[in-house]
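Read-outs: derived from the displayed coordinates by stated rules, not from any lab. Quantities reported herein were computed from a predicted structural model and do not represent experimental measurements. Every residue, glycine among them, receives a Cβ derived from its backbone with ideal geometry; neighbour counts consider all protein chains shown.
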């Protein structure tokens, strides 16, 4: 039949048509995928830009915060130093009348003839001593926290420190019927002399305070490159739940029954000072304790190098001489605080000393014009009227007399430079408020040493 379509041709055309449709669809899918990818890329770029903007803003805020923190840190450091200076100045101003009160109450004690009068004087002395300890401790904490107190680390013999602590604590332990034993040692350690002594003093004081029967043992033993100093007591011990709190300010353990809490309670600052000084020195401290059985503190100190340098009299606590009579001793007293001067005069005259008083260097040197009166000892405050310094005044007096007359600087807040200067010119240093018994013993020791040279 003409005009009829061959079925094979139709099938062929259908295949071709299907192939063309498939190719077109595939092409459209590829274009659709490319468009989708294009849209995705645009979206990601927008997100990246947004995140970048957010990150930039965060970095700027962080920079501003860091600048604010840095400024706050500098302000805090300045405030801390200012606080330390204020406390030092305030302590000096408070310690001056406190020193006068100490001296006056000591002179008053010698005048008491009744038990009641002596008891009242003793009570006032205890209160003054507590006030003095609190002021000095708060000042030390402030200086340690602000970094003002810097250690003078040297090699030093441990036994000289232990000897001075023995003379301090043996009478206290004996008054409580406690045994206190210091094992001898020839160890040389590397530390700051005054800080190390203060650390051991505070720990031993606590050991005696919280011990009712038995005693305290102070010894040392080598532990590798370190010397371990042990302070072991038979006291009440420390409860396990207080182990973390004992180094906190104003934390005080429970006073055992039978102990005079009025005089033995302490301020709760001793171990806080210990921890700060140990940290400043780079030493290490640990302890073990069992409630009801006692406590053992262990202080680890590096060994030092032995040396043959002769110690000056200012580097150890002088032993009390066999006789403390100051009868007829000529004293130049250089002091610009009227209350302290009058209290010192009363005290020295009660010891039968002949005293001449001055408030500056020129007045002190004017006494030397009297050839019939020569000073046996000079006692001077460091900061005097007209900007004079006690250390310079002592050197002027020695130069005039052509001899190293024994001399003592008394001060409320000695700087390391002052201590070093006095050590260099062989002058003793005592802190205000002065303890009359220690002053008398030191004067007798200096006079005896002066007669031997």
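Working ranking of peptides 98-108, 276-286, 48-58 by packing, defined as the average number of other Cβ atoms within 10 Å per residue, highest first, is 98-108, 276-286, 48-58.
Among 157-168, 118-129, how do they line up from the highest to the lowest mean number of other beta-carbon atoms within 10 Å?
So the peptides 157-168, 118-129, ranked by packing, come out 157-168, 118-129.
Take every DSSP beta bridge whose two residues both sit in segment 316-452; close to 5 percent of them are antiparallel.
Placing dummy labels 7 Å off each Cα toward the beta-carbon, the span from residue 47 to residue 127 is 7.8 nm.
Reducing segment 332-366 and segment 378-415 to their Cα centroids gives an inter-centroid distance of 13 Å. Here each label is just a point 7 Å from Cα along the line to Cβ, and for residue 113 and residue 62 those points are 8.3 nm apart.
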